[in-house]
Amino acid sequence: MSEQAKAYQDKMEKSLKNLAAELQTVRAGRANPHVLDRIMVEYYGAPTPIQSVANVTVPEARMIQIAPWEKNMLKEITKAIQKSDLGINPSNDGTVIRLIFPELTEERRKDLVKDVKKKGENAKVAVRNIRRDSDKMLKKLKKDAELSEDQIADIEDEIQKLVDQYVKKIDDAVDVKTQELMQV
């Protein structure tokens, strides 16, 4: 693989990893501590992830338990969860916060599937934008006569194969998450 194609493959891999991280935060009816990854709490004046100020456990299939290391963080964590788009009301007993995940309705599952497909489409757009950037770079190299037309054609083929490969990986990831969401 040419070094030009390798550089763009690394960017495509980052897009795929970003999609995987986004899909982890989609609530699938079972308790998954990753749904808290993007929720920040105010901790001594700095926005901090919940996992950095509390012990997050999953004692049951549909429950996440958050035990803050400092009692004064209970109110902050509760507020942050309520403000988030998680859609779950936290219960606080004075020592721990519990998030009970209700059974997903058919309508909610379909909404989540639409959201997952949208995230997948955004990832595909990102991969195609990377290809567009590579096309610009190759045109510049051709104009500056740094590479022959045959070399440029070979690199374009490599990059197109990478785009096809990553689009398939994105589709596969979306399919897996969709099946997970539609399981009752």
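For every residue, the table says whether it meets (1) among the acidic types (Asp, Glu); (2) under 28 Å from residue 118 (Cβ atoms); (3) touching a residue at least 40 places away in the same chain (Cβ under 8 Å); (4) loosely packed, with under 15 Cβ neighbours inside 10 Å.
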{"position": "22", "(1), (2), (3), (4)": "yes, yes, yes, no"}
{"position": "66", "(1), (2), (3), (4)": "no, no, no, no"}
{"position": "69", "(1), (2), (3), (4)": "no, no, no, yes"}
{"position": "89", "(1), (2), (3), (4)": "no, yes, no, yes"}
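Highlighted here are the helices (runs of 4 or more DSSP H) found entirely within the range 72-184 that include at least 1 residues which are under 30 Å from residue 13 (Cα atoms), hydrophobic (A, V, I, L, M, F, W, C) and modelled with pLDDT under 90: 106-143, 149-182. Checking 4, 82 one by one, the residue that is of a type in the set (S, T, N, Q) and open to solvent by less than 70 Å² (accessible area, probe 1.4 Å) is 4 and no other.
For the range 35-57, the candidate set comprises residues that are surrounded by 15 or more Cβ atoms within 10 Å (Cβ to Cβ) and in contact with a helix residue (DSSP H, G or I) (Cβ under 6 Å, 6 or more places away or on another chain); within that set, the residue that is farthest from residue 170 (Cα to Cα) is 53. Of the residues 105, 57, 95, the single one that is within 18 Å of residue 179 (Cα to Cα) and among the polar types (S, T, N, Q) is 105.
For the range 84-129, residues that are of a type in the set (A, V, I, L, M) and over 18 Å from the mean Cα position of the chain (by Cα) total 6.
The values are calculated or read from the model by the stated rules, or taken from the named source; none is laboratory data. None of the values given here were measured: they were computed from a predicted structure. Positions of Cβ are backbone-derived with ideal geometry, glycine not excepted, and every protein chain shown enters the neighbour counts. Only protein heavy atoms, including side chains, enter the accessible area calculation; ligands, DNA and RNA are left aside. Shrake-Rupley method; radii C 1.70, N 1.55, O 1.52, S 1.80 Å.
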